[in-house]
Amino acid sequence: MNIRQLSGIDGAKKATGLTVVIDIMRAATVEAYAFGQGAKYIIPVATEEEAFALKKQNSEYLLMGEIGGHNIEGFDFGNSPSEIVKIDLTGKTLVQRTSSGTQGLVNATSAQELIFGSFVTCSAIVKYIRARDYKDISIVAIDSEDNIFASFLEDSLTGKQLDKEKVRQNFYTHPETKWFLDHQRPEFPSKDIDYALDFDKFNFLCLVKRNNNQLITNKIVT
């Protein structure tokens with residue numbers, strides 16, 4: 001298989017074949033935990049206006065996400081796995097808007113298949129990809145710390161030896177995760193890193209499909 005690692009929104013725009021968009025801190029991780037709490041579907045969008053419009057059409061929808069890491073007024077939830085794990089989402093449809101992760105998803109318009117990737121679903125992603133005959137795989141690290149998972153996923157796909165403790169250390173010491181260790185920034189709970197680094201917590205992946213110009217994420221058990 002031909003694996004390309006790409007970066008940022010521009011990378012998402014260039015991604016082809018089976019594409020894994022990564023936003024470990026925190027949108028992809030939050031999405032996985034939402035499914036773990038029983039969510040039925042998740043609808044990724046680019047703007048809060050789109051989210052509110054969908055909520056207006058269906059009052060049962062729940063909104064989650066952030067702008068610049070901060071909760072959005074009028075949304076039901078923020079963008080924190082440590083918040084989501086406390087909530088029963090059984091049968092619920094959520095609309096998700098974030099500053100990085102959902103932007104990557106909506107811009108991956110040339111992807112043949114699209115996965116929202118995280119450490120908590122890594123083995124399920126690897127199993128899913130290996131079961132298909134894709135010659136072209138794009139791995140898109142939306143933020144700089146996501147490159148750690150991009151390399152981890154590529155190593156997993158190619159059968160290289162994995163050092164999870166090294167990955168954990170690299171993530172904790174990365175400059176872009178430092179505010180999660182700052183007690184003066186309650187909007188970035190330190191527990192979120194622990195939740196994000198719970199390797200293979202789930203036996204499913206987050207598969208994103210396009211339906212009438214709207215993205216819908218499904219939980220796919222492998």
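The numbers here are math on the coordinates, done by the rules we state, and not lab data. All values reported here derive from a predicted model rather than from experimental measurement. Here the Cβ is made from the backbone with ideal geometry for all residues, glycine too, and neighbour counts use every protein chain on show.
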Q) K92 is checked against (1) buried (at least 23 other Cβ atoms within 10 Å of the Cβ); (2) touching a strand residue (DSSP E or B) at 6+ places or on another chain (Cβ under 7 Å); (3) of a type outside the set (G, A, S) and fails just one. What number does that condition carry? A) (1)
**Q.** Pairs with Cβ under 9 Å, 6+ apart, first in region 65-76 and at positive phi, second of a type in the set (A, V, I, L, M) and assigned to a loop (DSSP other than H, G, I, E, B)
**A.** G65/I72
Q) What is the one condition in (1) charged (D, E, K, R); (2) touching a strand residue (DSSP E or B) at 6+ places or on another chain (Cβ under 9 Å); (3) without any contact (Cβ under 8 Å) to a residue 40 or more places away in the chain that E113 does not satisfy? A) (3)
Q | Enumerated helices (runs of 4 or more DSSP H) restricted to region 1-99, each holding at least 2 residues that are over 16 Å from I216 (Cα atoms), over 15 Å from the mean Cα position of the chain (by Cα) and charged (D, E, K, R) | A | 8-14, 48-57
